[in-house]
Amino acid sequence: MQLVREIKPQAGQQKLYRTAIWITIGGNVLLAAGKALVAYISGSAAIYSDAANSISDVVYSLLLVAGLYIATQPPDLGHPQGHSRFEPLTGLIVTASMFFASYAAGNNAIQRYLAGGEVIALDLPTFVLLGSAAIKAFMFILIRNLAVKLNSPTLRTTAKDNLSDVLTSAAAFIGVVGSSFIHPLADPIAGFAVAVWIFIQAFKAGRENLAYLTGKGATKEEVDEFVKATIEVPGVLRVHHIMTDYVGPRLIVDLHVNVDGNKTLREVHAISDAITEKLEAFPQVDRAYVHIEPDDWVD
């Protein structure tokens, strides 16, 4: 007796996830260590803020390993709907670390602003910021491509985080240059701008992951697409009920359809399988549950 549905991972899927994880961990550890060292040597508030962001990225990378490992485990008796809710749960923990990084960076920038700021020499910090932006841009391209291949919302978010890091490094670079050519306060102002950027990204990430854990469903446009795809299956007369629910970052679709009540059990079963196959072909859909009813059946 099969108590839970068996879901076999796609060939090569785990290898692609491991590649994404190693790229993320390796790149973030390298950048966090380099920026922290340069921030200590140069005293730049902008680079300190950028380093804080990179350190939060390292935390995110480590939690990503555990989260993706648990989330990709198949359903069992303890978790019959699968383990994918662990992914947004991990995301909320990461969000907390991002908020802390924002606070630390903003507090440092405010203290340096109140102290009057200082001129940051255009030497090592400049090269670090430019190098950081280049590395993050490269990571963005690699992770984005892997996200497309895996249709992974987590990796799409990671790619966007890399892109935002390119922008924060650019802001920090402006601060370093501004402290030399405009005013010493340009550096802490840029540092504060980076802190605000981290806060905004943390807020967006928290809102998205919380939605996955609190019963968020598909959009109206997506539901209309699901209904249209179901109606196109030969033998389906109408869809009279559909409900969607995110289990982690993937959708479960539950729908009731009406067919001719005189069809045989084999014919009805074939219709059900065809609907399931069509719905699960949507990249955002994890599973589809189909209930078949005679057209003259009254609930």
Report task. Just tell me, in residue order, which DSSP H segments of the chain are both 20 angstrom or longer along the helix axis (alpha-carbon based) and at least 0.0 in mean Kyte-Doolittle hydropathy. Result -> 13-42, 45-71, 86-114, 124-150, 153-181, 186-213, 265-279
Report task. State the antiparallel share, in %, of DSSP beta bridges confined to the chain, rounding to the nearest 5. Result -> 50
Query - Segments 56-62, 266-272 sorted - mean Cβ within 10 Å per residue, highest first - result: 56-62, 266-272
Query raised in the report: How many times 2.2 N^0.38 Å is the alpha carbon radius of gyration of region 220-294?
Result: 1.05
Query raised in the report: Once label points are set 7 Å from the Cα along Cα→Cβ at both PHE203 and VAL148, what is their separation, rounded to one decimal in nm?
Result: 3.1
Query - Neighbour cut-off at most 15 other Cβ (10 Å), DSSP loop, trypsin sites (Lys or Arg not before Pro), region 185-218 - result: LYS216
Requested in this report: Averaging over all projection directions, find the projected area of the Cα convex hull of region 13-213 and quote it in nm² with one decimal place.
Outcome: 10.5
**Report entry** Relative contact order [Cα under 8 Å, 6+ residues apart], the chain, whole percent
**Finding:** 18
Report summary line: Out of ARG18, ARG144, ARG156, a Gaussian network model of the chain with alpha-carbon springs under 10 Å gives the largest mean-square fluctuation to ARG18
Query raised in the report: At a Förster radius of 25 Å, what calculated FRET efficiency corresponds to the Cβ-Cβ distance of LYS228 and GLN73, to the nearest 0.05?
Result: 0.15
Requested in this report: Rounded to the nearest 0.05, what FRET efficiency do LYS220 and TRP22 give with R0 = 35 Å and r taken as the Cβ-Cβ distance? Could you check?
Outcome: 0.35
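Read-outs throughout are calculated quantities, based only on the coordinates presented, and are distinct from any laboratory measurement. Just so it is clear, the structure is predicted and the values come from calculations on it, not from any experiment. For neighbour counting, all protein chains shown are included, and Cβ atoms are generated from backbone atoms with ideal geometry for every residue, glycine included.
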